[in-house]
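The values are calculated or read from the model by the stated rules, or taken from the named source; none is laboratory data. Predicted model, so just to flag it, every value in this text is computed and none were measured. Neighbour counts are summed over all protein chains in view; Cβ atoms, including those assigned to glycine, are modelled from backbone coordinates with ideal geometry. When the accessible area is computed, the model is the full protein with side chains, heavy atoms only, and any ligands, DNA or RNA have been set aside. Shrake-Rupley method; radii C 1.70, N 1.55, O 1.52, S 1.80 Å.
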Amino acid sequence: MSEAFHPELEATAERIASMEIRGAATIAGAAAEALATQARASDAADPAGFRREHRRAGRRLYDTRPTAVSLPNALRYVLDRMDGDSVAELRASVVEAAEAFQTRLDRAQTDLGEIGANRLRDGDTVMTHCHSTDALACVEAAVEQGKELSAVVKETRPRNQGHITAEQLRAAGVDVTLIVDSAARRYLDEVDHVLVGADSIAADGSVVNKIGTSGLAVNARERGVPIVVAAQTIKLHPETLTGQTVEIEMRAETEVVDDETRAEIGGVAVENPAFDVTPPRYVDAIVTESGQFPPETIVTLMRELFGESAARPWADSEE
Ligand code: RI2
């Protein structure tokens, strides 16, 4: 099986691309686990073959979705720790790094939740967009502290991840009202916070999150409602430190209109960008496991964590 992808790694890659596995933190954990599966089953003949196989496996995972930086950051974490003089040592290093990554991920979300919960007062109402486990962790921690909360949940077209948020908040004991995306401004006067997650955060504090976040933030600012972004530090995009931009994923038009509707409408273009960019001036705070930050200061944390360089330990496409 040397140099081939393990069927489970291939399945994980396909499930990330199809969004069966979705959400930036969940994708990161799944990618790290897939590398561990590849390592456990590897029959590479020598250390060089093992390294090549895992750099290629990293590339397979990297190519699934372009926007959430948690995916390449997970690959960096595991592949940078691939170390040893024998296949057995290399295998152990990859498995150990993947396990450590998952532990850090879980701990970061718990710590972030505690910090985010401090912003929420008993009786507050939050407005959410899409489904973010980091954002949910803040609400769940506040509920555990005994605070009673309500939520206005945007359905989040085209894939309606707001339904997942509605279900999970309801299960946590939150009073939930589901609205269509275009009703958001009407309800902003009734909420105390806009609370969203992030797929990537750029060095200038721009927040890349589910399409519709930037319009919501502009409207919330106009209404005087604070915009809080819950994002653990694996959402910080190190390549933006050197001026690179974050690629916005364009998804299939079939997510927006089915074939029948498409035929009825006739010859129009359909575009389906999955994410947008909210400029830092519309964001009040970024809540991470290391504390909460005004967006303009996030670059300091990013430098501390990543230095000035962001290596790409996965294989180049021609390898
Ligand atoms: P957590 C999601 O993207 C949403 O944009 C959400 O805000 C973000 O990932 C972060 O999710 P998608 O995978 O890591 O649904 O907070 O396209 O769970």
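Please determine, by comparing only the residues of the range 156-179 that are part of a loop (DSSP other than H, G, I, E, B) and not basic (Lys, Arg), which one is nearest to residue 272 (Cα to Cα). Filtering the range 156-179 for residues that are part of a loop (DSSP other than H, G, I, E, B) and not basic (Lys, Arg), the one nearest to residue 272 (Cα to Cα) comes out as 158.
The set of residues in the range 258-306 that are without any contact (Cβ under 8 Å) to a residue 12 or more places away in the chain, part of a loop (DSSP other than H, G, I, E, B) and of a type in the set (Gly, Ala, Ser) comprises 266, 267, 269.
Of the residues that make up the range 270-279, is at least one under 29 Å from residue 212 (Cα atoms), over 19 Å from the mean Cα position of the chain (by Cα), hydrophobic (A, V, I, L, M, F, W, C) and open to solvent by 80 Å² or more (accessible area, probe 1.4 Å)?
Checking the range 270-279: not a single residue is under 29 Å from residue 212 (Cα atoms), over 19 Å from the mean Cα position of the chain (by Cα), hydrophobic (A, V, I, L, M, F, W, C) and open to solvent by 80 Å² or more (accessible area, probe 1.4 Å).
Of all residues in the range 152-169, which are closer than 20 Å to residue 225 by Cα, aliphatic (A, V, I, L, M) and either open to solvent by 40 Å² or more (accessible area, probe 1.4 Å) or within 15 Å of the ligand (Cβ to nearest atom) (or both)? Listed by number, the list holds a single entry, 153. Screening residue 299 against (1) open to solvent by less than 40 Å² (accessible area, probe 1.4 Å); (2) at pLDDT below 95 leaves a single unmet condition, (2).
Applying the condition of being open to solvent by 40 Å² or more (accessible area, probe 1.4 Å) and not in a loop (DSSP other than H, G, I, E, B) to the range 182-203 and asking which residue is farthest from residue 117 (Cα to Cα) yields 182.
Among the residues of the range 129-164, the one identified as basic (Lys, Arg) and more than 13 Å from residue 210 (Cα to Cα) is 147. Of all residues in the range 222-244, which are surrounded by 17 or more Cβ atoms within 10 Å (Cβ to Cβ) and either without any contact (Cβ under 8 Å) to a residue 40 or more places away in the chain or out of contact with any strand residue (DSSP E or B) (no Cβ under 7 Å at 6 or more places or on another chain) (or both)? Matches in the range 222-244: 234, 238, 239, 240, 241. The number of residues in the range 204-236 that are part of a loop (DSSP other than H, G, I, E, B) and more than 13 Å from the ligand (Cβ to nearest atom) comes to 6.
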